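Below is one structure, written out as structure tokens; the observations come after it.
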């Protein structure tokens, strides 16, 4: 059975605030003056972005995905759970994916509680992904990057104990001490919602996900690096007695569909470049606070000459990240290729990007659902089609 | 007394490097959060002392100790190192910046080991009206001019290429520093504890210090309560001894019993 037989489409939104502060080569993170936030603009943006995701639910996307970033124009979602709550109230069938609050930035029992609430409120539609959090988060959340990875592991232990061991229980850790760990409510799904771990290339994150049998996703890294991590993930998972399958890995892509390839490029190219050069961009300093990255990994990166603050060109972008701008046939072909390449049947698609206006996002979300998804479904193997 | 002798010691299973030179009563110097530049500016102190410069775990030529996650952990480390160095009589203790913070806590909790105390722009006191700079946020290319006010020192610091090795070494030292001060770069308890220091104390400060403002000197003197002297140096930034041979002389004078 090919991965194409079980494709699931996750519609994700970064919910940016695109009125960036000009003249900042260090990007729009950490110490941007927050007086630049205009609440009326913000109100309009939340409405449009939520409408775009709700449209996804109506059009039959399998899942809607939101995440969390702090103190940045990159994202209007410093609380993943708040947005997820707003989505649950307005959606019926799509899974709601909190991909997600960096667990180290909050008390783990609170995340256990919040996610349980979301799962119960939605009738069991929640999926969770746990990132370490970008380096930028550690400047604005008073938390030490030097032991963040140890804290992450312990936080996950607390969360899993909270969800799976009948409470109240004790937890005596390095970072957290509970005499009564007793979350109420508990998740709707048993034993708990599906869990992924999100990394950006660090071997320890890959190993952790594989060891625990969680799913894995990798962001902000070139495709080639991702595929290496996926290999490592699968072989480690097997060593620990798990059976990774096409649902264990989630990949992501930035597609834009239009009537012709030229139109797609004309409508979307600049917004995608805007995302990379104006929103994602940050400084090495902010991206890599002390202790956040192991020293040998930093050395490799410095020797390779990779810098956070360099401007990215369209050619570079399209050759290392999953971007496709074209007709439904072209977009479907690329997506099928990427899914098979990664052996993943779950793909996150960013159909609003950068400073894209609402109408383009709506067009893209609609065309993707009505033209691209059916083409991909038609690629299912003949046996499965016969069974339908 | 033209150069330091380097030796290694193992303290609580951590290998640390110790620089020594000179003969006489021991003078121990606790350095700040960067140990790659050497300490030749201190050599005049070795004219009348056995000058000992131990390198903190996590810095310079010492190994890392990943179990150290507070400034007090360094105090405990140094109590053990003093025993290993057989420093059984009270020593003169000089601390710069982070080293000044460690030295002040050492003088509180290991006061019997300290004869006289000199603190050069010490870190660690909570002074919200004159807060310190965020060392972690200063980009590498702006670091020299933020640290030093002296043009000659600045010129020396900006010579030469910034290699990958230098960047990695700096990242490693900043990680050791972050381990102990990321969440909070001062200890509110020092306000409460400093009065326990009984050693005569000299406070030195560069008037153009951009890392820790010179206005903090007064707060140190107030909290110490034992009548600490303050000596400030015009045209001098955070790297007090590197920028000012006069500051080094002032310490020598003070340790010899000279004062106001």
Expressed in nm to one decimal, what extension gain is obtained for the pair residue B:163 and residue B:43 from 0.36 nm per residue of sequence separation less their Cα-Cα distance? 40.4 nm
Which peptide among A:287-294, A:120-127 comes first, and what is the full order, when sorted by highest mean count of other Cβ atoms within 10 Å? A:287-294, A:120-127
Here the residues of region A:263-284 lying in the modelled label zone of residue A:310, meaning backbone nitrogen under 19 Å from a point 7 Å along Cα-to-Cβ, are A:273-284
How big is the convex hull of the Cα atoms of region A:62-148, per residue, in Å³? 86 Å³
Of the beta bridges DSSP finds with both residues in chain A, what % are antiparallel, to the nearest 5? 15 percent
Normalising by the residue count of region B:44-119, find the relative contact order in percent from Cα pairs under 8 Å and 6+ residues apart. 24 percent
Would you work out if region A:127-205 is rounded, prolate or oblate? Take a ≥ b ≥ c from the square roots of the eigenvalues of the alpha-carbon gyration tensor; rounded if a/c is under 1.5, else prolate when a/b is larger than b/c, oblate otherwise. oblate
Ascending count of other beta-carbon atoms within 10 Å, so fewest first, for A:339, A:97: A:339, A:97
Could you tell me whether chain B comes out rounded, prolate or oblate from its Cα gyration tensor? Rule is a ≥ b ≥ c as square roots of the eigenvalues, rounded for a/c under 1.5, then prolate if a/b exceeds b/c, otherwise oblate. rounded
Ordering A:199-212, B:135-148 by per-residue average of other C-beta atoms within 10 angstrom, highest first, gives A:199-212, B:135-148
Rg and Dmax of the protein assembly as shown, Cα atoms only, in Å: 28.9, 99
Evaluate peptide B:170-179: per residue, the Cβ atoms of other protein chains within 10 Å of its Cβ; return the mean as an integer. 5
FRET efficiency (residue A:232, residue A:266; Cβ distance; R0 41 Å; to 0.05) is 0.55
Relative exposure of B:74, A:321, A:115, judged by other C-beta atoms within 10 Å (fewest first): A:321, B:74, A:115
Give me the base-10 log of I(q)/I(0) for region A:1-93 at each q in 0.13, 0.19 Å⁻¹, Debye formula, one uniform scatterer per Cα, rounded to two decimals. -0.52, -0.90
Gain on full stretching of the segment that runs from residue A:375 to residue A:182 - 0.36 nm per residue minus C-alpha separation: 64.7 nm
Counted neighbours (other Cβ, 10 Å), sorted fewest up, put A:286, B:174 in the order B:174, A:286
So for the pair residue A:48, residue B:66, with labels modelled 7 Å out along Cα→Cβ, what separation do we get in nm? 4.7 nm
Full extension between residue A:190 and residue A:6 adds, at 0.36 nm per residue less the Cα distance, a length in nm of 64.0 nm
Using 7 Å Cα-to-Cβ label points, what is the residue B:87/residue A:31 separation (nm, one decimal)? 3.6 nm
10 Å Cβ neighbours from other chains, averaged over peptide A:146-157: 1
Virtual spin-label span in nm between residue A:120 and residue A:212, 7 Å along Cα→Cβ: 2.3 nm
Hey, got the average number of other protein chain Cβ atoms within 10 angstrom for residues in A:289-296? 5
For region A:184-223, taking Cα atoms only, what is the radius of gyration to one decimal and the Dmax to the nearest whole Å? 12.8, 41
Please say if region B:1-151 is rounded, prolate or oblate, where rounded means a/c under 1.5 for a ≥ b ≥ c the square roots of the C-alpha gyration tensor eigenvalues, and otherwise the choice is prolate for a/b larger than b/c and oblate otherwise? rounded
FRET E, pair residue B:189, residue B:12, Förster distance 35 Å, beta-carbon r, rounded to 0.05: 0.90
Taking 30 Å as R0, compute the FRET efficiency from the Cβ-Cβ separation of residue B:133 and residue A:359 and round it to 0.05. 0.05
If I take every Cα pair under 8 Å that is 6 or more residues apart in region A:59-192, average their sequence separation and divide by the length, what percent do I get for the relative contact order? 24 percent
For Cα pairs less than 8 Å apart in space and 6+ apart in sequence, what is the mean separation divided by the residue count of chain A, i.e. the relative contact order in percent? 22 percent
At 20 °C and 1.002 mPa s, grab the translational diffusion coefficient of chain A from Stokes-Einstein with a Kirkwood Rh over Cα pairs, rounded to a whole number in µm² per second. 99 µm²/s
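Quick note: the coordinates plus some simple rules give every number you see, no bench work behind them. Being a predicted model, the structure only gives us computed values, none of them experimental. Reconstructed Cβ throughout: ideal geometry from the backbone, glycine too, with neighbour counts over all protein chains shown.
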